[in-house]
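*Asks:* Here it is, the structure, as structure tokens.
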Amino acid sequence: MLDDLIKKSWINPENSKGQLGHHIQEFQKKMKLQPSIKFGILGIDECADSIRKELYALAYPFKPDMLLDIGNLNTEDPDLIQLVFAELYEAQIIPILIASNKSDFKLQLNSSLKHAITNAWVCVHPSLLSDIDCREKVLDAVESGNATFKFIGHQIHLTPTQVIQSLDQPGISSIRLGHVRQHMDGVEPWCRSVDHAMFDMSALRKTDFKSKPDHNPGGLFYEEACKISQFIGASAHLKSFGLYGYDAGLDSDGQGAAVAAQLIWYLLEGFNNHREEKAIQKSKMTQYIVHDHKNGGDIHFWKNNISGRWWLEIPGHTDHWISCTYEDYHAASMGSYSSRMVSVMNLD
């Protein structure tokens, strides 16, 4: 199916040894997708080629043969595009989708709900998807138990009140931009077990992403955005990643393409250097027990001795864990619980 629906990029990955373009594989017709391939770059439109040009020039300190350039779609038929996603999921290749139109996020969302078994989402977006006609789809997926959504970096002055109210329900969580800036380490647990992620480039500051189509000056710093991409890449459950909102026609000096390319690079870096095994092994962890004096039970925290990451074991549910931080453990030891702990452990 890939043979019929993909056209090659006009970017030729002829770069010197040590650069990413030298190591990336190009998709060829009748190509057998090897298990060593972990990521596939897929352009929804040709704006992806400007990002490829910048990405190919970056360093490649990763595992060999893990990256495939699939090319760009040559169809706009959503049913046919779903077949492309299905083939990549079956081959256990994580598609890195690049689209100038953020409404193409619906293609990624629909494919995950149709083909993926688990659907824990992280969405980096400045206004809780308020500018994408997909809110009903998100709410239906959450209410049916088919998906959960975590939103990172929204700006309250951009987000309509009715959107905030409609998304205020179990299965949907959000961290405002100010909280991200003050507690970046607290963002990592939100990304640790993510299955699918979307990153709207408009979530960055105008000075850090000058080809941003609107005039809103606020947003994530470039370094913060790269760190979040790294957190997402480190998820052992990641199945798809979408990068939206880059328009080559607005990028006169190439700065926007360079930023987008580096977001992808840090996604790969997170996968290559910071990924944990899916199965949590207690033998490799240190246990910390906090007694809940109010409810009379014990709360079990675990710290990975290698990565330093913290986990919370859900009482009464064998091998059911949620990601957390040292700050969560320290607060609990002082008798204080975050809203997230309260919701998952029924503390009051």
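Nothing in this text is a laboratory measurement; each read-out follows from the coordinates by a stated rule. Computed from a predicted model, the values in this text were never measured in an experiment. Here the Cβ positions follow ideal geometry from the backbone for every residue, glycine too, while neighbour counts run over all protein chains shown.
*Asks:* Are there any pairs with C-beta distances below 6 angstrom linking a residue in region 278-306 that is exposed (fewer than 13 other Cβ atoms within 10 Å of the Cβ) to a residue that is of a type in the set (Lys, Arg), with the two at least 6 apart or on different chains, and if so which?
*Replies:* Filtered contacts from region 278-306: Thr286/Lys303; Asn305/Lys284.
*Asks:* So, one more: Surrounded by fewer than 24 Cβ atoms within 10 Å (Cβ to Cβ), among the acidic types (Asp, Glu) and either out of contact with any His (no Cβ under 6 Å at 6 or more places or on another chain) or without any contact (Cβ under 8 Å) to a residue 12 or more places away in the chain (or both): is that true of Asp195 in this structure?
*Replies:* Working: surrounded by fewer than 24 Cβ atoms within 10 Å (Cβ to Cβ): yes; among the acidic types (Asp, Glu): yes; either out of contact with any His (no Cβ under 6 Å at 6 or more places or on another chain) or without any contact (Cβ under 8 Å) to a residue 12 or more places away in the chain (or both): no.
Judged against the criteria, Asp195 is not a match.
*Asks:* Same structure again: May I ask you to verify whether Ile117 is crowded, with 19+ Cβ neighbours inside 10 Å, β-branched (Val, Ile, Thr) and without any contact (Cβ under 8 Å) to a residue 60 or more places away in the chain?
*Replies:* When the stated conditions are applied, Ile117 does not pass them.
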